[in-house]
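*Asks:* Let me give you the structure first, and then I'll get to my questions.
The values are calculated or read from the model by the stated rules, or taken from the named source; none is laboratory data. Everything quoted here is computed from the prediction, not taken from an experiment. Cβ sites come from the backbone with ideal geometry, for glycine too, and all protein chains shown count toward neighbours. Heavy atoms of the whole protein, side chains included, go into the accessibility calculation; ligands, DNA and RNA do not. Shrake-Rupley method; radii C 1.70, N 1.55, O 1.52, S 1.80 Å.
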Amino acid sequence: MADWRDRRSVMVALAVSAGLIWTTMSGDLFAGFQSPFPYSRALAASLSDLVAMLLLVAAASGTPPSQLLGLTGVFASPAKPAIWAATLFLPAVLLCLFAAKAAGGVGTADLLWKGIAGPAFEEIVYRGLAVGALVRLAGWRLIPACLLPAMFFGAAHAYQGADLAETAGAVAITGIGGLFFGWLFWRWNWNLWPAIFLHAGLNLLWMLFALGDTAVGGWLGNGMRLAVVVGAVLLTLRMVPKGGKTA
(Lines give C-alpha, C1' and ligand atoms only; values in the text may rest on other atoms or scores of the structure.)
Protein backbone atom coordinates (compact mmCIF):
# COMPACT_ATOMS: atom_id res chain seq x y z
CA MET A 1 0.00 0.00 0.00
CA ALA A 2 2.82 2.39 0.82
CA ASP A 3 4.41 1.69 -2.57
CA TRP A 4 1.15 2.52 -4.34
CA ARG A 5 0.80 5.76 -2.40
CA ASP A 6 4.35 6.73 -3.34
CA ARG A 7 3.73 5.93 -7.00
CA ARG A 8 0.46 7.80 -7.00
CA SER A 9 2.14 10.82 -5.43
CA VAL A 10 4.68 10.95 -8.25
CA MET A 11 2.03 10.34 -10.92
CA VAL A 12 -0.23 13.09 -9.56
CA ALA A 13 2.68 15.54 -9.35
CA LEU A 14 3.61 14.77 -12.96
CA ALA A 15 -0.02 15.13 -14.06
CA VAL A 16 -0.35 18.52 -12.35
CA SER A 17 2.93 19.64 -13.93
CA ALA A 18 1.72 18.55 -17.37
CA GLY A 19 -1.55 20.41 -16.81
CA LEU A 20 0.32 23.56 -15.80
CA ILE A 21 2.52 23.30 -18.89
CA TRP A 22 -0.64 23.03 -20.98
CA THR A 23 -1.90 26.33 -19.53
CA THR A 24 1.19 28.04 -20.94
CA MET A 25 0.40 26.78 -24.46
CA SER A 26 -3.39 26.84 -24.68
CA GLY A 27 -3.63 30.56 -25.46
CA ASP A 28 -1.41 30.19 -28.52
CA LEU A 29 -3.18 27.02 -29.61
CA PHE A 30 -6.52 28.83 -29.68
CA ALA A 31 -5.11 32.00 -31.27
CA GLY A 32 -6.82 31.18 -34.55
CA PHE A 33 -10.19 30.43 -32.98
CA GLN A 34 -12.84 32.57 -34.71
CA SER A 35 -16.00 33.76 -32.98
CA PRO A 36 -18.08 36.96 -33.01
CA PHE A 37 -18.31 36.95 -29.23
CA PRO A 38 -15.76 38.88 -27.09
CA TYR A 39 -13.24 36.78 -25.18
CA SER A 40 -14.41 33.55 -26.83
CA ARG A 41 -10.80 32.52 -27.48
CA ALA A 42 -9.89 33.16 -23.85
CA LEU A 43 -12.94 31.15 -22.75
CA ALA A 44 -12.01 28.26 -25.05
CA ALA A 45 -8.42 28.25 -23.76
CA SER A 46 -9.59 28.38 -20.13
CA LEU A 47 -12.04 25.53 -20.68
CA SER A 48 -9.24 23.49 -22.23
CA ASP A 49 -7.03 24.24 -19.21
CA LEU A 50 -9.76 22.99 -16.88
CA VAL A 51 -10.48 19.84 -18.89
CA ALA A 52 -6.80 19.01 -19.39
CA MET A 53 -5.95 19.38 -15.69
CA LEU A 54 -9.06 17.46 -14.66
CA LEU A 55 -8.44 14.52 -16.99
CA LEU A 56 -4.70 14.33 -16.31
CA VAL A 57 -5.12 14.28 -12.53
CA ALA A 58 -8.04 11.87 -12.78
CA ALA A 59 -5.97 9.45 -14.86
CA ALA A 60 -2.94 9.74 -12.56
CA SER A 61 -4.82 9.36 -9.28
CA GLY A 62 -7.59 6.97 -10.28
CA THR A 63 -10.10 9.52 -8.97
CA PRO A 64 -13.26 10.10 -11.02
CA PRO A 65 -13.44 13.61 -12.53
CA SER A 66 -16.71 14.30 -10.69
CA GLN A 67 -15.00 13.55 -7.38
CA LEU A 68 -12.04 15.74 -8.32
CA LEU A 69 -14.39 18.64 -9.00
CA GLY A 70 -15.73 18.15 -5.49
CA LEU A 71 -12.20 18.53 -4.12
CA THR A 72 -11.73 21.92 -5.78
CA GLY A 73 -13.81 23.65 -3.13
CA VAL A 74 -16.03 25.36 -5.69
CA PHE A 75 -19.07 23.52 -4.34
CA ALA A 76 -18.46 24.72 -0.78
CA SER A 77 -20.78 27.37 0.63
CA PRO A 78 -19.96 30.90 -0.62
CA ALA A 79 -22.00 32.62 2.11
CA LYS A 80 -19.34 33.19 4.76
CA PRO A 81 -16.62 34.04 2.17
CA ALA A 82 -19.04 36.57 0.61
CA ILE A 83 -19.38 38.37 3.97
CA TRP A 84 -15.60 38.26 4.31
CA ALA A 85 -15.11 39.73 0.84
CA ALA A 86 -17.71 42.46 1.34
CA THR A 87 -15.98 43.50 4.57
CA LEU A 88 -12.70 43.80 2.67
CA PHE A 89 -13.84 45.52 -0.48
CA LEU A 90 -16.51 47.95 0.69
CA PRO A 91 -13.91 50.27 2.32
CA ALA A 92 -11.62 49.81 -0.71
CA VAL A 93 -14.37 50.87 -3.12
CA LEU A 94 -15.30 53.87 -0.98
CA LEU A 95 -11.66 54.98 -0.86
CA CYS A 96 -11.31 54.58 -4.63
CA LEU A 97 -14.45 56.66 -5.19
CA PHE A 98 -12.87 59.40 -3.12
CA ALA A 99 -9.21 59.20 -4.16
CA ALA A 100 -9.02 57.59 -7.61
CA LYS A 101 -10.25 58.46 -11.08
CA ALA A 102 -12.66 56.20 -12.88
CA ALA A 103 -11.06 54.06 -15.56
CA GLY A 104 -12.35 54.57 -19.08
CA GLY A 105 -12.99 52.20 -21.96
CA VAL A 106 -14.19 49.24 -19.90
CA GLY A 107 -17.13 47.37 -21.38
CA THR A 108 -19.53 44.81 -19.99
CA ALA A 109 -17.66 41.94 -21.65
CA ASP A 110 -14.41 43.14 -20.05
CA LEU A 111 -15.98 43.16 -16.60
CA LEU A 112 -17.63 39.76 -17.05
CA TRP A 113 -14.51 38.01 -18.33
CA LYS A 114 -11.49 39.80 -16.87
CA GLY A 115 -13.25 40.71 -13.64
CA ILE A 116 -15.32 37.61 -12.87
CA ALA A 117 -15.18 34.54 -15.12
CA GLY A 118 -11.44 34.66 -15.88
CA PRO A 119 -10.39 34.81 -12.20
CA ALA A 120 -12.84 32.01 -11.37
CA PHE A 121 -11.37 29.73 -14.05
CA GLU A 122 -7.82 30.54 -12.91
CA GLU A 123 -8.61 29.74 -9.28
CA ILE A 124 -10.28 26.45 -10.15
CA VAL A 125 -7.33 25.34 -12.29
CA TYR A 126 -4.34 26.76 -10.40
CA ARG A 127 -5.62 26.39 -6.85
CA GLY A 128 -8.65 24.10 -6.76
CA LEU A 129 -7.19 21.40 -9.00
CA ALA A 130 -3.42 21.96 -8.90
CA VAL A 131 -2.87 22.87 -5.24
CA GLY A 132 -5.71 20.64 -4.13
CA ALA A 133 -4.33 17.60 -5.94
CA LEU A 134 -0.73 18.16 -4.82
CA VAL A 135 -1.68 18.42 -1.14
CA ARG A 136 -4.69 16.16 -0.84
CA LEU A 137 -3.78 13.43 -3.35
CA ALA A 138 0.02 13.61 -3.71
CA GLY A 139 0.73 14.42 -0.06
CA TRP A 140 2.87 17.51 -0.73
CA ARG A 141 3.41 20.11 1.95
CA LEU A 142 1.47 23.32 1.50
CA ILE A 143 4.28 25.72 0.51
CA PRO A 144 5.74 23.69 -2.38
CA ALA A 145 2.22 22.73 -3.47
CA CYS A 146 1.30 26.43 -3.71
CA LEU A 147 4.66 27.45 -5.18
CA LEU A 148 4.59 25.25 -8.28
CA PRO A 149 1.24 26.54 -9.64
CA ALA A 150 2.11 30.09 -8.53
CA MET A 151 5.23 30.03 -10.74
CA PHE A 152 3.13 29.15 -13.79
CA PHE A 153 0.44 31.62 -12.73
CA GLY A 154 3.00 34.41 -12.55
CA ALA A 155 4.56 33.46 -15.88
CA ALA A 156 1.10 33.55 -17.50
CA HIS A 157 0.95 37.28 -16.72
CA ALA A 158 4.30 38.16 -18.28
CA TYR A 159 2.47 39.74 -21.24
CA GLN A 160 1.44 42.66 -18.98
CA GLY A 161 4.92 44.19 -18.94
CA ALA A 162 6.00 46.79 -21.51
CA ASP A 163 9.68 46.34 -20.62
CA LEU A 164 11.86 43.91 -18.67
CA ALA A 165 11.42 45.62 -15.30
CA GLU A 166 7.65 45.90 -15.67
CA THR A 167 7.41 42.30 -16.86
CA ALA A 168 9.42 41.09 -13.87
CA GLY A 169 7.20 43.12 -11.56
CA ALA A 170 4.00 41.73 -13.03
CA VAL A 171 5.29 38.14 -12.84
CA ALA A 172 6.49 38.61 -9.25
CA ILE A 173 3.29 40.25 -8.02
CA THR A 174 0.97 37.73 -9.65
CA GLY A 175 3.20 34.83 -8.55
CA ILE A 176 3.12 36.02 -4.94
CA GLY A 177 -0.61 36.52 -5.33
CA GLY A 178 -0.86 32.89 -6.43
CA LEU A 179 0.90 31.78 -3.25
CA PHE A 180 -1.52 33.83 -1.18
CA PHE A 181 -4.58 32.48 -3.00
CA GLY A 182 -3.29 28.97 -2.31
CA TRP A 183 -2.93 29.77 1.40
CA LEU A 184 -6.49 31.11 1.47
CA PHE A 185 -7.77 27.92 -0.18
CA TRP A 186 -6.04 25.82 2.50
CA ARG A 187 -6.88 28.06 5.45
CA TRP A 188 -10.57 28.12 4.59
CA ASN A 189 -10.62 24.30 4.80
CA TRP A 190 -10.49 23.90 1.01
CA ASN A 191 -13.28 26.38 0.30
CA LEU A 192 -12.23 28.06 -2.95
CA TRP A 193 -14.63 31.02 -2.74
CA PRO A 194 -12.36 33.34 -0.70
CA ALA A 195 -9.64 33.02 -3.35
CA ILE A 196 -12.17 33.57 -6.14
CA PHE A 197 -13.73 36.59 -4.43
CA LEU A 198 -10.37 38.18 -3.62
CA HIS A 199 -8.97 37.59 -7.10
CA ALA A 200 -12.11 38.91 -8.80
CA GLY A 201 -12.41 41.85 -6.43
CA LEU A 202 -8.85 43.03 -7.05
CA ASN A 203 -9.26 42.65 -10.80
CA LEU A 204 -12.49 44.66 -10.74
CA LEU A 205 -10.91 47.44 -8.68
CA TRP A 206 -8.10 47.70 -11.26
CA MET A 207 -10.61 47.77 -14.11
CA LEU A 208 -13.05 50.28 -12.64
CA PHE A 209 -10.51 52.72 -11.23
CA ALA A 210 -7.25 54.14 -12.59
CA LEU A 211 -4.93 52.27 -10.23
CA GLY A 212 -2.39 51.22 -12.89
CA ASP A 213 -2.40 49.73 -16.36
CA THR A 214 -0.90 46.41 -15.19
CA ALA A 215 -0.66 44.32 -12.02
CA VAL A 216 2.32 46.46 -10.94
CA GLY A 217 0.11 49.49 -10.34
CA GLY A 218 0.89 52.92 -8.89
CA TRP A 219 1.28 54.07 -5.30
CA LEU A 220 -2.48 54.15 -4.67
CA GLY A 221 -3.05 50.77 -6.30
CA ASN A 222 -0.19 49.11 -4.45
CA GLY A 223 -1.26 50.65 -1.15
CA MET A 224 -4.82 49.50 -1.76
CA ARG A 225 -3.70 46.00 -2.61
CA LEU A 226 -1.50 45.78 0.48
CA ALA A 227 -4.32 46.98 2.72
CA VAL A 228 -6.76 44.45 1.22
CA VAL A 229 -4.27 41.60 1.58
CA VAL A 230 -3.43 42.47 5.20
CA GLY A 231 -7.13 42.77 5.95
CA ALA A 232 -7.76 39.44 4.24
CA VAL A 233 -5.17 37.72 6.43
CA LEU A 234 -6.38 39.24 9.69
CA LEU A 235 -10.04 38.63 8.93
CA THR A 236 -9.33 35.06 7.81
CA LEU A 237 -7.45 34.27 11.01
CA ARG A 238 -10.39 35.63 12.99
CA MET A 239 -13.18 33.95 11.01
CA VAL A 240 -11.42 30.62 10.39
CA PRO A 241 -9.48 29.63 13.55
CA LYS A 242 -8.24 26.38 12.01
CA GLY A 243 -7.73 25.23 8.46
CA GLY A 244 -5.90 22.83 6.27
CA LYS A 245 -7.64 19.51 6.60
CA THR A 246 -5.92 17.18 4.16
CA ALA A 247 -8.79 14.81 3.60
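*Asks:* Does residue 96 qualify as being modelled with pLDDT under 95, open to solvent by less than 40 Å² (accessible area, probe 1.4 Å), within 12 Å of the chain's Cα centre (by Cα) and under 29 Å from residue 227 (Cβ atoms)?
*Replies:* On the way: modelled with pLDDT under 95: yes; open to solvent by less than 40 Å² (accessible area, probe 1.4 Å): yes; within 12 Å of the chain's Cα centre (by Cα): no; under 29 Å from residue 227 (Cβ atoms): yes.
For residue 96, the condition - modelled with pLDDT under 95, open to solvent by less than 40 Å² (accessible area, probe 1.4 Å), within 12 Å of the chain's Cα centre (by Cα) and under 29 Å from residue 227 (Cβ atoms) - is not met.
*Asks:* How many of the residues making up region 123-134 are under 14 Å from residue 15 (Cβ atoms) and touching a Leu at 6+ places or on another chain (Cβ under 6 Å)? Give the derivation first.
*Replies:* Looking only at region 123-134, we keep the residues that are under 14 Å from residue 15 (Cβ atoms), and these are 125, 129-134.
Adding the requirement that they be touching a Leu at 6+ places or on another chain (Cβ under 6 Å) leaves 125, 132.
So the count comes out to 2.
*Asks:* Then there's this: Being in contact (Cβ under 8 Å) with a residue 60 or more places away in the chain and not charged (D, E, K, R) is true for just one of 43, 90, 14. Which residue is that?
*Replies:* Values: 90 fails: in contact (Cβ under 8 Å) with a residue 60 or more places away in the chain; 14 fails: in contact (Cβ under 8 Å) with a residue 60 or more places away in the chain.
It is 43.
*Asks:* Does region 235-245 contain any residue that is farther than 28 Å from residue 26 by Cα, modelled with pLDDT under 70 and open to solvent by 60 Å² or more (accessible area, probe 1.4 Å)?
*Replies:* So far as region 235-245 goes, yes, one or more of its residues are farther than 28 Å from residue 26 by Cα, modelled with pLDDT under 70 and open to solvent by 60 Å² or more (accessible area, probe 1.4 Å).
*Asks:* Go through region 61-78 residue by residue and tally those that are closer than 13 Å to residue 12 by Cα and in a loop (DSSP other than H, G, I, E, B).
*Replies:* Summing the residues that are closer than 13 Å to residue 12 by Cα and in a loop (DSSP other than H, G, I, E, B) in region 61-78 gives 2.
*Asks:* What pairs can you find where one residue is in region 57-86 and without any contact (Cβ under 8 Å) to a residue 40 or more places away in the chain, the other is surrounded by 15 or more Cβ atoms within 10 Å (Cβ to Cβ), and their Cβ atoms are less than 6 Å apart, with a gap of 6+ or different chains?
*Replies:* So the pair list comes out as 58/68; 65/54; 65/58.
*Asks:* Check off (1) open to solvent by 40 Å² or more (accessible area, probe 1.4 Å); (2) more than 23 Å from residue 175 (Cα to Cα); (3) hydrophobic (A, V, I, L, M, F, W, C) for residue 111 and give me the number that stays unchecked.
*Replies:* (2)
*Asks:* Does residue 85 qualify as being over 27 Å from residue 10 (Cα atoms), open to solvent by less than 80 Å² (accessible area, probe 1.4 Å), among the small types (Gly, Ala, Ser) and within 19 Å of the chain's Cα centre (by Cα)? Steps first, please.
*Replies:* Values: over 27 Å from residue 10 (Cα atoms): yes; open to solvent by less than 80 Å² (accessible area, probe 1.4 Å): yes; among the small types (Gly, Ala, Ser): yes; within 19 Å of the chain's Cα centre (by Cα): yes.
Judged against the criteria, residue 85 is a match.
*Asks:* Do you know which of the residues in region 112-141 that are among the aromatic types (Phe, Trp, Tyr) and in a helix (DSSP H, G or I) is nearest to the chain's Cα centre (by Cα)?
*Replies:* Of all residues in region 112-141, those among the aromatic types (Phe, Trp, Tyr) come to 113, 121, 126, 140.
Now drop any that are not in a helix (DSSP H, G or I), which leaves 113, 121, 126.
Values: 113: 14, 121: 8, 126: 6 Å.
Taking the candidates together, the pick is 126.
Matching residues to (1) of a type in the set (Ser, Thr, Tyr); (2) crowded, with 17+ Cβ neighbours inside 10 Å; (3) in a helix (DSSP H, G or I):
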residue	(1), (2), (3)
7	no, no, yes
11	no, yes, yes
16	no, yes, yes
20	no, yes, yes
35	yes, no, no
50	no, yes, yes
55	no, no, yes
59	no, no, yes
